[in-house]
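Some notes on the structure that comes next.
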Amino acid sequence: MRYFYILFIASFIVGCGESDDNNNTNMAEELASSLLSEQFAPGNGQFSNFENKPFSVDPQLFNFDGNNVYLKVYDTDGNVFYLGRINKDALFSIELVLPNNDSIVAYDIFTDSANDLSISGDFVL
């Protein structure tokens, strides 16, 4: 019984060989080299899927009572670009690196005071 099993497995392995289909092309034959260091990019090539876009908000406009002002900047997909404390007495500016097709980010600004309301808005870049 064991010999029959070994013979069966051996015939199965032999049957798993390469096909005779002539429609398959060998990708290795098409490439001159598979080394990344031998694949050259044009001298004027650039990566431009993202661009820097300025974002700014002035917390003084909201007349907050709290001492600590916090800002969250995010996109419509929920990706957070900034989350942290900002100076409540100065304009806050930051450069955001966003995909070229993103033109609006949302922001939430809030304080540590129970008297202040949380402010949410959209910023068109």
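Miscellaneous remarks
- The single condition among (1) more than 26 Å from the chain's Cα centre (by Cα); (2) surrounded by 11 or more Cβ atoms within 10 Å (Cβ to Cβ); (3) in contact (Cβ under 8 Å) with a residue 40 or more places away in the chain that Leu96 does not satisfy is (1).
- Per the listing Gly66, Gly78, the residue uniquely touching a strand residue (DSSP E or B) at 6+ places or on another chain (Cβ under 6 Å) and not in a strand (DSSP E or B) is Gly66.
- Single unsatisfied condition, Val80 versus (1) out of contact with any Gly (no Cβ under 7 Å at 6 or more places or on another chain); (2) surrounded by 11 or more Cβ atoms within 10 Å (Cβ to Cβ); (3) closer than 22 Å to Asn52 by Cβ: (2)
- Of all residues in the stretch 22-49, those that are under 30 Å from Asn101 (Cβ atoms) have Cβ atoms under 8 Å from Cβ atoms of residues that are modelled with pLDDT under 75, 6 or more apart or on another chain, in Gln39/Ser33.
The values are calculated or read from the model by the stated rules, or taken from the named source; none is laboratory data. In this text, all values refer to a predicted model and were calculated from it rather than measured experimentally. Cβ coordinates were reconstructed from backbone atoms using ideal geometry, including for glycine residues, and neighbour counts include every protein chain displayed.
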